[in-house]
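Working notes for the structure below.
The values are calculated or read from the model by the stated rules, or taken from the named source; none is laboratory data. No experiment lies behind these values; they were computed from the predicted model shown. Note: ideal-geometry Cβ built from the backbone for every residue, glycine included; neighbour counts use all protein chains shown.
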Amino acid sequence: MTRAIGRLLHVEASPRGGRSRSASVARRLISGLTGVQVERLGLFEADLPELDGPVIEGRYALIAGDPVGEAVRGDWDAIREKTAHFLSFDAWLFSVPMWNFGIPYRLKHYIDLITQPGMTFSVVDGEGRGHAAGRSALIVASGALDVRPDGPLAGFDFQRAYLESWLRFIGVSAIHTIHVRPTYGPEDVVEAAMATAYAEAEALAASLCLPERV
């Protein structure tokens, strides 16, 4: 059973601000939610700790069950803080453009930061257990190529497929994906894609606001 959505984190992975088509559809979805507290995290504005050599060595200490070294303790305190912030929400909304068949590097950086043993997942008896179990994620995935699963270009999708796989790994129980494709081409084609995505966003928002059945 998924948790009711009281607090939602909107992770915005585009640097384009008001010109971002994925963010525009995400905002339409948010506008249809009632009784939900929304916080925005703009990744191209966020202060994300570096994952350099010494910090990575601290990760191996965590895996071994040892404390991290004094030199990188502050970095790992910051990582723990960002991970705890992420897990404090009932659900997450990711607005993500496709960059070179995948996701923007700032989103990958953020995912690498918060996907840590003992924080967003644990390994018990050789099996991974995600700490985000029972929660929901909403993905607004945009791109110039139409890489939807039933299309001829599906093999180029390392955007939605990666995000959904990662979310399942950390335990997310329900994932809803809205495609905004294509975002490049004749104006009428792009506008039709936007209209379809807006309609799907409104419908998803309405379904999320329905009372749970007893």
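Results for (1) of a type in the set (A, V, I, L, M); (2) at pLDDT 95 or above; (3) out of contact with any Ser or Thr (no Cβ under 9 Å at 6 or more places or on another chain), shown as yes or no for each residue.
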| residue | (1), (2), (3) |
| --- | --- |
| Gly58 | no, no, yes |
| Val68 | yes, no, yes |
| Met98 | yes, yes, no |
| Tyr105 | no, yes, yes |
| Asp112 | no, yes, yes |
| Gly126 | no, no, yes |
* **Pairs, first without any contact (Cβ under 8 Å) to a residue 40 or more places away in the chain and of a type outside the set (A, V, I, L, M, F, W, C) in region 35-56, second surrounded by 12 or more Cβ atoms within 10 Å (Cβ to Cβ) and not in a loop (DSSP other than H, G, I, E, B), C-beta under 6 Å, six or more apart** => Gln37/Arg7; Arg40/His10; Gly42/Glu12; Pro54/Val72
* To do: Determine if region 174-182 includes at least one residue that is at pLDDT 95 or above, of a type in the set (Ser, Thr, Tyr) and either surrounded by fewer than 17 Cβ atoms within 10 Å (Cβ to Cβ) or more than 22 Å from Ser20 (Cβ to Cβ) (or both).
  => no
* Asked: Would you say Ala161 is closer than 30 Å to Thr120 by Cβ, outside any strand (DSSP E or B), among the small types (Gly, Ala, Ser) and in contact (Cβ under 8 Å) with a residue 60 or more places away in the chain?
  -> no
* To do: Would you check if there is a residue in region 72-92 being of a type in the set (Ser, Thr, Tyr), surrounded by 15 or more Cβ atoms within 10 Å (Cβ to Cβ), assigned to a strand (DSSP E or B) and out of contact with any His (no Cβ under 6 Å at 6 or more places or on another chain)?
  => no
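May I ask you to say which residue of Gly69, Gly35, Gly53, Gly58 is buried (at least 16 other Cβ atoms within 10 Å of the Cβ) and of a type in the set (Gly, Ala, Ser)? Quick ask: steps written out before the conclusion?
Details: Gly69 fails: buried (at least 16 other Cβ atoms within 10 Å of the Cβ); Gly35 fails: buried (at least 16 other Cβ atoms within 10 Å of the Cβ); Gly53 fails: buried (at least 16 other Cβ atoms within 10 Å of the Cβ).
Just one listed residue meets the conditions, Gly58.
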* To do: Could you check, for region 106-115, whether at least one of its residues is closer than 15 Å to Phe86 by Cβ and in a loop (DSSP other than H, G, I, E, B)?
  => yes
* If only one of Arg27, Arg40 is of a type in the set (D, E, K, R), at negative phi, surrounded by 13 or more Cβ atoms within 10 Å (Cβ to Cβ) and assigned to a helix (DSSP H, G or I), which one is it? -> Arg27
* Asked: Restricting to region 43-60, what's the tally of residues that are small (Gly, Ala, Ser) and either touching a Phe, Trp or Tyr at 6+ places or on another chain (Cβ under 9 Å) or not in a helix (DSSP H, G or I) (or both)?
  -> 2
* Asked: Is it the case that Leu8 is buried (at least 17 other Cβ atoms within 10 Å of the Cβ) and either touching a Phe, Trp or Tyr at 6+ places or on another chain (Cβ under 6 Å) or within 14 Å of Asp90 (Cβ to Cβ) (or both)?
  -> yes
* Does Ala91 fit the bill of being in contact with a Ser or Thr (Cβ under 9 Å, 6 or more places away or on another chain), of a type outside the set (D, E, K, R) and touching a residue at least 12 places away in the same chain (Cβ under 8 Å)? -> yes
